[in-house]
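These notes concern the structure reproduced below.
What follows is calculated from the coordinates using simple rules that are stated; it is not laboratory data. Everything quoted here is computed from the prediction, not taken from an experiment. For neighbour counting, all protein chains shown are included, and Cβ atoms are generated from backbone atoms with ideal geometry for every residue, glycine included.
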Amino acid sequence: MTTRRMTKVTIFALAAAAATLAHAADATDPTVKARQEAMETIGKSMKTIADMAKGDAAFDSGAATAAAATIAETAAKVPGLFETPADDPESEAKPAIWTDFADFTEKSEALKAAASEADMASLDALRGSVGDIGKTCKSCHDDYRVKK
């Protein structure tokens, strides 16, 4: 992955994480709040590895591996959190999630796979993996998240 492409993916991942963190406390519907908390967990873990990839944090293979595992574990839970349509003024979920739930689920599975297969043994490996994970986040956000 080129440095330019990695930077774009990293910037997207950090922006998505920041937006998620800002909204998680505002939802009042418990179903929406649970979804936002899951996305916050993914966002925090993505920020951990993205900061390492950019050099804003020291590389730590153990912390990076744990962050990738958290992303994979949480991504596995995402479809279940969205099975029941629920709304809240603070929700960023598009109705398209429920009209194409199979695609939404596939994208969650792609995130789980990218995070599960991530190589965090070295900084160079992490940099390649963070791009793959970021692409899966972006593909889902592009289709199923309202941009606020």
statement: The local net charge around Lys44, scoring Lys/Arg +1 and Asp/Glu -1 for residues other than Lys44 whose Cβ lies under 12 Å from its Cβ, equals -2
query: Taking the simple approach of a point 7 Å from Cα along Cα-to-Cβ for both Asp103 and Ala58, what is their distance in nm?
result: 4.5 nm
- prompt: What's the FRET efficiency of Asp143 with Asp119 using the Cβ-Cβ distance as r and R₀ = 22 Å, to the nearest 0.05?
  reply: 0.20
- request: Search the structure for amide H atoms under 5 Å from the amide H of Arg145, placed 1.01 Å from N in the peptide plane, and list their residues when 5 or more places away or on another chain.
  value: Lys94
query: Each residue of segment 81-98 in order: what ³J(HN,Hα) in whole Hz does its phi give by Karplus 6.51 cos²θ - 1.76 cosθ + 1.60, θ = phi - 60°, with x for Gly and Pro?
result: 6, 10, 4, 9, x, 8, 10, 7, x, 8, 5, 10, 7, 7, x, 4, 4, 8
